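So the structure is just underneath, and the comments pick up after that.
The values are calculated or read from the model by the stated rules, or taken from the named source; none is laboratory data. Predicted, not measured: the structure shown is a model, and the values here were computed from it. Cβ placement follows ideal geometry from the backbone for every residue including glycine, while neighbour counts extend to all protein chains displayed.
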Amino acid sequence: MSGSSVIRLVALGNGVWLDEIRRTGQQPIRDVPGGSVTFATVGARLFVPDEPRSIGLVFHAGADFPPDVIELFRSWGVTLDLKHVKAPSARGVVFYDEANDERKGFERLTKPLPITVDDLSGTRLLAASAFHFFGTAQYVEESVSHLVRLRQANHHSQTRPFVVWEPEAKSCRPDTLSAHQQAASSVNVFSPNHLELASFFADATATFDKAVIERHAAMFLDAGIGTNGEGCIIVRAASHGCLVMSRQVEARWLPAYYEPGSGKIIDATGAGNAFLGAFIIGWLETGSFLEGAICGQVAASFVIEQVGLPRLSGHGSSEVWNDCNVIDRLVAYRKRFKEDGEKGGRGGR
């Protein structure tokens, strides 16, 4: 994908977390970098091999933050804005279900160290083309409004960037539906997963139902996503793929890169965040929500192949992640998506 001298993406939220992975009968794995900021950043980074510095990564690091994790981020070649603080680094424990080895919970061990829009003042990151936000409706509304004001005060030519919002799961409830619909009008893309979307509605079904998901997604589109209602909703649905919908584009379902039982799925933690980071790069390159989602599915496939982050080796056009060229995987996925579409893979509404 083409290079650029500008910052393309900055992810904001509760910063970088240091996870302790606990599985029954195994020794804990400590200091695994995680959190929405980390995974959205790596998702975007996958798709800019020739211009890694176009991705910004900003976070607070306590005195106990592992130097090797910082070096890992530096090895990606991103524009790193590291803010050292006296507070302990953000840490948590990830628990897995003994029966199926799937993630079942997360417990915070420390307070989060969130990055706010104000942390971008006086940096190149403030002028980024796009932002990924993770948080509540109130947080996103206030942050986007403040971001626009700061960019206006700094005389940026593009005062309103492209914004993707990933809601906080605990805040997705029937009593917060209207607040989320209102906040969605201030962003370009609203992206809950299928369980979060279902949590807004009393008529949600226990079984996976594409028609129900499309109906619920349409309620956000009808309320208006984006300042002119021209935004998009993307419902990430794990092994079921994802739904892409806007007022201009009818419902489309994209398959997950790996099918259940393929043996390649090790840990889905962070896959949704990485999806959205890559989605943003795809959209910035093409202006297409669908092409962005295709990039997102490919990025998610790299994240689920291991516990933690995918492994980078090589440089520029010769770089590979987990020993695979990202663009080669993108080409293979796009071919499969086209074939699925010809066989009737289009979702209806």
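Worth pointing out:
- Answer residue from the stretch 114-128, given it is β-branched (Val, Ile, Thr) and crowded, with 17+ Cβ neighbours inside 10 Å and is nearest to the chain's Cα centre (by Cα) among those: Ile115
- So Ala332, is it assigned to a helix (DSSP H, G or I) and either modelled with pLDDT of 95 or more or over 20 Å from Trp165 (Cβ atoms) (or both): yes
Every residue, every condition in (1) basic (Lys, Arg); (2) free of Cβ contacts under 8 Å to residues at least 40 places away in the same chain, yes or no:
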{"position": "Arg8", "(1), (2)": "yes, no"}
{"position": "Trp17", "(1), (2)": "no, no"}
{"position": "Gln27", "(1), (2)": "no, yes"}
{"position": "Gly43", "(1), (2)": "no, no"}
{"position": "Pro66", "(1), (2)": "no, no"}
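- Summed over the stretch 211-229, residues that are touching a residue at least 24 places away in the same chain (Cβ under 8 Å) and acidic (Asp, Glu) total 1.
Let's see how each residue does on (1) out of contact with any Phe, Trp or Tyr (no Cβ under 7 Å at 6 or more places or on another chain); (2) aliphatic (A, V, I, L, M); (3) surrounded by 22 or more Cβ atoms within 10 Å (Cβ to Cβ):
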{"residue": "Ala130", "(1), (2), (3)": "no, yes, yes"}
{"residue": "Gln138", "(1), (2), (3)": "yes, no, no"}
{"residue": "Glu142", "(1), (2), (3)": "yes, no, no"}
{"residue": "Ser157", "(1), (2), (3)": "yes, no, no"}
{"residue": "Glu166", "(1), (2), (3)": "no, no, yes"}
{"residue": "Ala184", "(1), (2), (3)": "no, yes, yes"}
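- Only one of Phe208, Phe200 that is in a loop (DSSP other than H, G, I, E, B) and either closer than 24 Å to Ala299 by Cα or in contact (Cβ under 8 Å) with a residue 60 or more places away in the chain (or both): Phe208
- Flag if Ser36 is crowded, with 22+ Cβ neighbours inside 10 Å and of a type in the set (Ser, Thr, Tyr): yes
- The residues listed here are Gly261, Gly287, Gly272, Gly241; of these, the one that is loosely packed, with under 14 Cβ neighbours inside 10 Å and either closer than 30 Å to Phe95 by Cα or touching a His at 6+ places or on another chain (Cβ under 6 Å) (or both) is Gly261.
- Residue in the stretch 199-217 that is closer than 22 Å to Ser145 by Cβ and crowded, with 16+ Cβ neighbours inside 10 Å present: no
- Subset tally (residues that are outside any loop (DSSP other than H, G, I, E, B) and either of a type in the set (D, E, K, R) or free of Cβ contacts under 8 Å to residues at least 60 places away in the same chain (or both)) for the stretch 181-197: 9
- Taking first residues from the stretch 245-267 that are in contact (Cβ under 8 Å) with a residue 12 or more places away in the chain and partners that are part of a loop (DSSP other than H, G, I, E, B) and of a type in the set (Ser, Thr, Tyr), the Cβ contacts under 9 Å between residues at least 6 apart in sequence or on separate chains come to Val249/Ser288; Lys264/Tyr257; Lys264/Tyr258; Ile265/Tyr258.
- Flag if Val93 is touching a strand residue (DSSP E or B) at 6+ places or on another chain (Cβ under 9 Å), surrounded by fewer than 16 Cβ atoms within 10 Å (Cβ to Cβ) and either farther than 30 Å from Gln138 by Cβ or in contact (Cβ under 8 Å) with a residue 60 or more places away in the chain (or both): yes
- Number of the exception - Ala61 against (1) under 25 Å from Phe279 (Cα atoms); (2) buried (at least 19 other Cβ atoms within 10 Å of the Cβ): (1)
- Any hit, the stretch 3-12, residues being within 19 Å of the chain's Cα centre (by Cα), closer than 28 Å to Ala127 by Cα and of a type in the set (D, E, K, R): yes
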